[in-house]
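Single-structure report; data block below.
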Amino acid sequence: MRLRNLLKMVIPGLLVVSLAACSGPEEKKAKFLSKGKALYEKGEYVKAALEFKNAIQIDPKFSDAYEMFGMTELKRGNYKNAFAHFTKAIELNPKNLKAQNELGKLFLAARDPDKAMEKAELILNTDPRNDDGLLLKGAVFVAKKELDTAQSYFEELLGKGVKKADAFLLLASVYQLAGDIKRQEEVLRNGLSANPSSVQIHMMLADLLARANRVDEAVALLRKVIGLEPSKVEHQFVLANLYWITGQEPKGVEVVKGIIASDPKKDENRLQATSFLIGKGKLKEAEELLQAGIKLNNKALGLRLSLAELYLNSARTAQAVAGLKEVVGLDKESNPDVIKAKNALARIHLSNKEIEPAAKLYAEVLKASPKNSEAIQGKGGILLAKGDGAGAVAAFRTLVTDNPQSGMGYVRLAEAHLLNKEMALAGENIQKGLQAEPDSREVQRAVARYYMLAKEPAKAESQLRKLLASRPDDLEVHVELGDFYHSMKNLGKAEAEYTAIKRLAPQLPAGFVKMSELYLAQGKVDRAISELEQAVKLNNQAMNFFVALEQLYIQQKQFAPAITLAESRLKANPKDEVALTMLGQVQAAQGDTAKAIDSFKKALSAKPDQWLAANNLAYLMSEKAASPGELDEALAYANTARKGQPNNATVLDTLGWIHYRKGAYPQAVELLSKAQAKAKESSVINYHLGMAQFKSGRTSEAKGSLQKALAASKAFPGRDEAARTLKAI
């Protein structure tokens, strides 16, 4: 009994000791490392990173964990973080040759072959037969275009029995650079014999065969790749693209359909397919694909965001806004997709010069996500627009503190310093921006814009020219260079850039729209109309093109084509509130008030908050009002317009004029003064203000306003009354 009792006491004690030993720091960190590696192999990089972090927390000097953390960051595209982790790994253990090799490859990617060679030599001095070191050394020869040296080096390696796929790939690259396609194919086929499961060799050989117009062979290889990695749909998109570029579009479409059919509820596949179709100009098909996915999952916020972006990029702003608002209402404010939607809505408001709604959205984003870089940048941009240089500096300084590698952040900070006339600080931050992201297209474009703000046009032109030299087909840079020349009154060079856009992308409206703007600036209205007509043909869904063309038609009194254009949109969608509004404007310009009122009412029936229709309707009804009740009805429509555009000069003018017609002269003066402050040279607004001031007994002010109204020789409704009233003062 004593022995049994003793065992009862001793065995649990031994178990406790044993378990404690198993859960010591060494075992714990090894367990985290092992689990992280398993997740890494599965492609679950975020989860893997957490395991490596846990290992490092237990042992901050754990070189292997830093190495794997670096590998994970590489897979996630965070190259600067990867570099830092590999550097820490070799600082802790200089003999960590894997980390040394990865650093060498990063140096090579950063176009620093000398430092890459230093790493290769360090590895080989430690282990002369290290395959990674041998391959890195050869890759440096290739990077330096030392093709003869690289060729003999890799042939010798292969002769010594090195069979790694990279050895064959690098030697094949040498032959490709030398233009020896036959030897390149031979090396790749040998590589496949040695590495039958190498996706990279299959892909390189497929590319070679496709370029040689041996399409069937290339297709066969790509199908093998798909078999090797069936879960990676990117290979299937490569196959679809091959079919597409070789004139077999239906087969490409079938591949894309197959990707979706294999897992209809997998949003990521649908998003990739959408991106692929958009790249092929298949906007309608992409739209249908997204809509079908949303039907399957109403809360697929990623699909909804992508659909809104598609609408925005095809100039269907109203549909984009509606879609983004739906996203905002479907989940919590902290949801990343909700935050993206709010940022996108804010950008749209800013593009429409609606500052306050944009500021409100950015404030909501920052409340939910205080370090959201886009919202901080947006907030800073608004402060810049308001002339608050100090506030903008504070915002952009926060941005670059949290994101020290944000080249764009430094550029915007420079703009804020420029507003404060702190030229030295502005120049210093421009250089920091270029250092942070020297190859960033967006940063280089922003730098050009900065030089324009700084009134250094020669530097702006040089920056854009430099960018275009490396990207001769970049449409946006052509647009910016054309706009630069336009702003500098160099219309010939501006026309050359816009013509280049039309040549490079005749299927896109951008070149025609820019040319239309150029012709308008030159007073060549007929040619401007012709260009804009072509833009509308290319994208008949683009609301802004449609409205601009209608306004030109009205300006030129070309009422027949204006009505035809509006009616063509209404045929496709009888409730198109914009088309109804523009039709009403045409009818009003023709003097057909009854039809115009009917069109504006239909527009408001389709969209009750359509401010332009409400404003125009209010004005027309007030002009024909024969009773206080009719004026009250007009006033109600004017207030609807003001809800949508509280600071719009035209809306304030309409509202003020109705108060004038009602005999409410003090209110009329208040509203019309606000309108005049926003449109000081408007003859109509000055006339309305002068009449309200006159009726209020403010004759001196009325005289000044009426004189301004009559200063221009242009005719306007009420000019005769303005002249009579001025004469009577």
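The values are calculated or read from the model by the stated rules, or taken from the named source; none is laboratory data. These figures come from a predicted structure and were not determined experimentally. Cβ placement follows ideal geometry from the backbone for every residue including glycine, while neighbour counts extend to all protein chains displayed.
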>> Here are the criteria: (1) surrounded by 17 or more Cβ atoms within 10 Å (Cβ to Cβ); (2) over 28 Å from I278 (Cβ atoms). Tell me which single one K386 does not satisfy.
In response: (1)
>> Test of understanding: among E356, E364, E374, which residue is part of a helix (DSSP H, G or I) and more than 21 Å from the chain's Cα centre (by Cα)?
In response: E356
>> of a type in the set (A, V, I, L, M, F, W, C), in contact with a Lys or Arg (Cβ under 6 Å, 6 or more places away or on another chain) and at pLDDT 95 or above: which single residue out of L689, L652 fits that description?
In response: L652
> Quick one: which of V393, V447 is more than 27 Å from V479 (Cα to Cα) and either crowded, with 19+ Cβ neighbours inside 10 Å or touching a residue at least 24 places away in the same chain (Cβ under 8 Å) (or both)?
Replying inline: V393
> Taking the range 246-298, which residues are in contact (Cβ under 8 Å) with a residue 12 or more places away in the chain, crowded, with 17+ Cβ neighbours inside 10 Å and not in a helix (DSSP H, G or I)?
Replying inline: K280
> Among K601, K537, K575, K607, which is the only one that is more than 33 Å from the chain's Cα centre (by Cα) and of a type in the set (D, E, K, R)?
Replying inline: K601
>> Looking at I382, I348 in this structure, which one is within 15 Å of the chain's Cα centre (by Cα) and within 18 Å of P646 (Cβ to Cβ)?
In response: I348
> Counting only residues that are polar (S, T, N, Q) and under 39 Å from the mean Cα position of the chain (by Cα), how many does the range 87-105 have?
Replying inline: 3
> For K466, are the conditions met, namely being at pLDDT 90 or above, out of contact with any Lys or Arg (no Cβ under 8 Å at 6 or more places or on another chain), surrounded by 16 or more Cβ atoms within 10 Å (Cβ to Cβ) and assigned to a helix (DSSP H, G or I)?
Replying inline: no
> Which of the residues that make up the range 651-665 are aliphatic (A, V, I, L, M) and either surrounded by fewer than 23 Cβ atoms within 10 Å (Cβ to Cβ) or farther than 13 Å from L689 by Cα (or both)?
Replying inline: V651, A664
>> So for the range 489-499 (the condition being over 28 Å from K537 (Cα atoms), more than 22 Å from the chain's Cα centre (by Cα) and at pLDDT 90 or above), does at least one residue qualify?
In response: yes
>> Take the residues in the range 675-729 that are surrounded by fewer than 14 Cβ atoms within 10 Å (Cβ to Cβ) and among the charged types (D, E, K, R); name whichever of them is farthest from the chain's Cα centre (by Cα).
In response: K727
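Per-residue answers, yes or no, for (1) among the basic types (K, R); (2) under 27 Å from S406 (Cβ atoms); (3) in contact with a Cys (Cβ under 7 Å, 6 or more places away or on another chain):
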{"site": "K28", "(1), (2), (3)": "yes, no, no"}
{"site": "K31", "(1), (2), (3)": "yes, no, no"}
{"site": "A49", "(1), (2), (3)": "no, yes, no"}
{"site": "K75", "(1), (2), (3)": "yes, yes, no"}
{"site": "I90", "(1), (2), (3)": "no, no, no"}
>> Restricting to the range 186-222, count the residues that are at negative phi, surrounded by fewer than 19 Cβ atoms within 10 Å (Cβ to Cβ) and part of a loop (DSSP other than H, G, I, E, B).
In response: 4
> Considering only residues of the range 31-45 that are without any contact (Cβ under 8 Å) to a residue 24 or more places away in the chain and farther than 17 Å from K232 by Cβ, which is surrounded by the most Cβ atoms within 10 Å (Cβ to Cβ)?
Replying inline: L39
> From the set of residues in the range 410-435 that are in a helix (DSSP H, G or I) and of a type in the set (D, E), which is nearest to A392 (Cα to Cα)?
Replying inline: E415
>> Tell me the residue from E354, E326 that is modelled with pLDDT under 90 and surrounded by fewer than 22 Cβ atoms within 10 Å (Cβ to Cβ), please.
In response: E354
> Looking only at the range 357-372, which residues are buried (at least 17 other Cβ atoms within 10 Å of the Cβ) and under 18 Å from A385 (Cα atoms)?
Replying inline: A358, A359, L361, Y362
>> more than 23 Å from Y553 (Cβ to Cβ), assigned to a helix (DSSP H, G or I) and out of contact with any helix residue (DSSP H, G or I) (no Cβ under 9 Å at 6 or more places or on another chain): is that true of G629 in this structure?
In response: yes
>> I need the full set of residues from the range 600-626 which are outside any helix (DSSP H, G or I) and in contact with an Asp or Glu (Cβ under 6 Å, 6 or more places away or on another chain), in order please.
In response: K607, Q610
